[in-house]
Amino acid sequence: MKQLLIVGARGYGREVYNFAKECAGYGSEFEVKGFLDDKRDALEGFPNYPDIIGPVETYRIGADDLFVAALGSVKHKRFYVEHIKAQGGRFMTMIHPAATVYSNTKLGEGCIVSQCTTITCDVRVGDFATFQGFCTVGHDAKIGNYCQLDAYTFMGGYAELGDEVTLHTGAKILPNKKVGTGATVGAGSVVISNVKPGTTVFGVPATALRF
């Protein structure tokens, strides 16, 4: 039996724990061993969850261990994933049974596809991309490594995300548009033209924020 460790015991970690129990293979191929988090009291006041075993940095990886990164920040996710992989750790790609993934679509290592998300045909998804509930991804889209697509986001056909892109709740990327590496699209925004790498955009239509 594989032992699944959830990296992050905050709000999204609790969601992923409940998510994992509904995935194929739970109880027969894998079980949840616990959480890894440096905040040892993160679950205080939240009963019925497995224990926080300790921080990622001090955990000794076992032969049957699998990991999932329940972290909403793309930078923190990449940091902890790279640390675990450097120690020989392996990550599980989790697809909720109420999600839909069409033909010829390929998902990389360590992805999370939440309930009621639809990823249509011929899509390419890199490693450690997270899709929260009710996302829609159109045909032939491309999504880079470590991307975060929050609930109710939309990508049209042939749209592209570089690595470490964050789409906040309800953001929409119109067909054929590209969002560059490290960019952030604000909640409810509509991208109608390409977004430069490292840029934060917001609004309808989405425009760059100036600080």
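The values are calculated or read from the model by the stated rules, or taken from the named source; none is laboratory data. Every value quoted in this text rests on a predicted model; they were computed, and no experiment measured them. With ideal geometry, Cβ positions are generated from the backbone for all residues, glycine too; neighbour counts draw on all protein chains shown.
In the stretch 40-55, the residues that are at negative phi and among the hydroxyl-bearing types (S, T, Y) form Cβ pairs under 7 Å with partners that are part of a loop (DSSP other than H, G, I, E, B) and at pLDDT 95 or above, at six or more places apart or across chains, as follows: Y49/L43.
Can you tell me which residue in the stretch 1-14 is farthest from T58 (Cα to Cα), limited to those that are hydrophobic (A, V, I, L, M, F, W, C) and not in a loop (DSSP other than H, G, I, E, B)? Even if it seems obvious, please write down each step before you answer.
Step one: list which residues in the stretch 1-14 are hydrophobic (A, V, I, L, M, F, W, C), which gives 1, 4-7, 9.
With not in a loop (DSSP other than H, G, I, E, B) added as a condition, the list becomes 4-7.
Working: L4: 17, L5: 14, I6: 15, V7: 13 Å.
The selected residue is L4.
In this structure, Y17 does satisfy being of a type in the set (S, T, Y) and in a helix (DSSP H, G or I). Cβ separations smaller than 6 Å between residues 6+ apart or across chains give the following pairs from the stretch 129-145 residues that are in the same structural domain as K178 (by TED's automatic domain parsing) to residues that are assigned to a strand (DSSP E or B) and of a type in the set (K, R): K142/R124.
Within the stretch 105-116, residues that are in contact (Cβ under 8 Å) with a residue 12 or more places away in the chain have Cβ atoms under 8 Å from residues that are outside any loop (DSSP other than H, G, I, E, B) and basic (K, R) in these pairs: T105/R124; K106/R124, counting only partners at least 6 apart in sequence or on another chain.
Considering only residues that are among the hydroxyl-bearing types (S, T, Y) and buried (at least 24 other Cβ atoms within 10 Å of the Cβ), which ones fall in the stretch 118-152?
Residues of the stretch 118-152 among the hydroxyl-bearing types (S, T, Y): 118, 120, 130, 136, 146, 152.
Of everything in the stretch 118-152, those that are among the hydroxyl-bearing types (S, T, Y) and buried (at least 24 other Cβ atoms within 10 Å of the Cβ) turn out to be T130, Y146.
Entry remark, the stretch 36-88: residues being part of a loop (DSSP other than H, G, I, E, B) and under 18 Å from the mean Cα position of the chain (by Cα) number 5 in total. Considering the conditions (1) more than 30 Å from K21 (Cβ to Cβ); (2) surrounded by fewer than 18 Cβ atoms within 10 Å (Cβ to Cβ), G170 is excluded by exactly one of them, (1). Considering only residues in the stretch 98-113 that are crowded, with 22+ Cβ neighbours inside 10 Å and not in a strand (DSSP E or B), the one that is nearest to the chain's Cα centre (by Cα) turns out to be C111.
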